[in-house]
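Here is the structure we will look at.
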């Protein structure tokens, strides 16, 4: 049996690989974007991503990293302050926002 990776057709992306329209996001899109970033999504990744999506739905803007850090700390304990950066080692904007289907936050650095 041939076990090739399934590659999905993604909605339109900008030149940096972020979704043009966050409403086009779904979990299959997240899986493909994570694969392109060489990230295997774990339950902790999904917890952060789902929090970011809920925040976006409520506020129509990407959550600041400090809100995601606070959320993870509340779920995983105070020793997990750096968990966001362990989950997304190349940065909150570069990986977490991209995989969660946010437009690239233009006013933020790539960290």
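The order of 68, 93, going from fewest to most other C-beta atoms within 10 Å of their C-beta, is 93, 68. Placing a pseudo-label 7 Å from each Cα along the Cα-to-Cβ vector at residue 16 and residue 60 gives an inter-label distance of 2.2 nm.
Contact order, relative form, for the chain: 30 percent (alpha carbon pairs under 8 Å, 6 or more residues apart, mean separation divided by residue count).
Length gained on full extension, residue 70 to residue 24: 13.9 nm, using 0.36 nm per residue less the C-alpha separation.
Counting other Cβ atoms within 10 Å as a rough exposure proxy, the listed residues 99, 61 run 61, 99 from fewest neighbours to most.
Checking (i) 1.08; (ii) 1.11; (iii) 0.97 against the coordinates, the calculated Rg/Rh (Cα atoms, Kirkwood Rh) falls under label (iii).
Here the gap between residue 36 and residue 82, fully extended at 0.36 nm per residue and compared with their Cα-Cα distance, gives a gain of 14.3 nm.
Here the residues 81, 106, 35, ranked from fewest to most Cβ neighbours within 10 Å of their Cβ, fall in the order 106, 81, 35.
Readers should treat all values here as calculations from the given coordinates under stated rules, not as data from a laboratory. Everything numeric here is computed off the predicted structure, so don't read it as measured data. Heads up, the Cβs are rebuilt from the backbone with ideal geometry, glycines too, and the neighbour counts pull from every protein chain shown.
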